[in-house]
Amino acid sequence: VDGDPGSRWTGPQHGNTWLEVQLRRARPVAGVKLLLRPYAIGDYPHHLRVIGTGVDGGEVVLFDDAAVTATALSAVFEPAAPGVRITWPPTVLS
């Protein structure tokens, strides 16, 4: 989000931690990638729920599932920049 891979957040895995990203204008979004430090590959969100705000102002659930598969695939196919890569069909969010 801020272009600095050194930025980080940590939190307990109790299911109530959240991260908010605000877009400057409505635009289509088709996924998100949360980078993980190579030494912290095991420290990923175990379950991830991504909620967007549609152009009508209503909430849109974009992803709600375990994140282990996305994390494992990223570690295998993107070892230089492992993370949690979640994709969904392009959706216009505001």
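Quick notes on this one:
- Flag if Thr71 is surrounded by 13 or more Cβ atoms within 10 Å (Cβ to Cβ), of a type in the set (Ser, Thr, Tyr), at pLDDT 90 or above and out of contact with any Cys (no Cβ under 8 Å at 6 or more places or on another chain): no
- Within region 50-58, not a single residue is modelled with pLDDT under 85, of a type in the set (D, E, K, R) and farther than 15 Å from Trp18 by Cβ.
- Checking every residue in region 58-65 against the condition of being in contact with a Ser or Thr (Cβ under 7 Å, 6 or more places away or on another chain) and hydrophobic (A, V, I, L, M, F, W, C) gives at least one match.
- Applying the criterion of being within 19 Å of Arg25 (Cα to Cα) and in a strand (DSSP E or B) to the residues of region 37-60, the residue that is most open to solvent (accessible area, probe 1.4 Å) is Glu59.
- Residue selected from region 10-26 under the condition open to solvent by 90 Å² or more (accessible area, probe 1.4 Å) and at pLDDT 80 or above, by the criterion nearest to Val68 (Cα to Cα): Gln22
- Selection of first residues in region 41-61 that are on the phi < 0 side of the Ramachandran plot and of second residues that are open to solvent by 60 Å² or more (accessible area, probe 1.4 Å) and not in a strand (DSSP E or B), restricted to Cβ pairs under 6 Å at least 6 apart or on distinct chains, gives the following pairs, ordered by first then second residue: His46/Gln13; Thr53/Ser94; Val55/Ser94.
- Once region 27-36 is narrowed to residues that are on the phi < 0 side of the Ramachandran plot and out of contact with any helix residue (DSSP H, G or I) (no Cβ under 8 Å at 6 or more places or on another chain), the residue that is surrounded by the fewest Cβ atoms within 10 Å (Cβ to Cβ) is Pro28.
- Any chance Arg85 is open to solvent by 80 Å² or more (accessible area, probe 1.4 Å) and touching a helix residue (DSSP H, G or I) at 6+ places or on another chain (Cβ under 7 Å): yes
The values are calculated or read from the model by the stated rules, or taken from the named source; none is laboratory data. Quantities reported herein were computed from a predicted structural model and do not represent experimental measurements. Don't worry about glycine lacking a Cβ; one is built from the backbone with ideal geometry, like all the others, and counts go over all protein chains shown. Note: accessible area is taken over every heavy atom of the protein model, side chains too, but ligands, DNA and RNA are not part of it. Shrake-Rupley method; radii C 1.70, N 1.55, O 1.52, S 1.80 Å.
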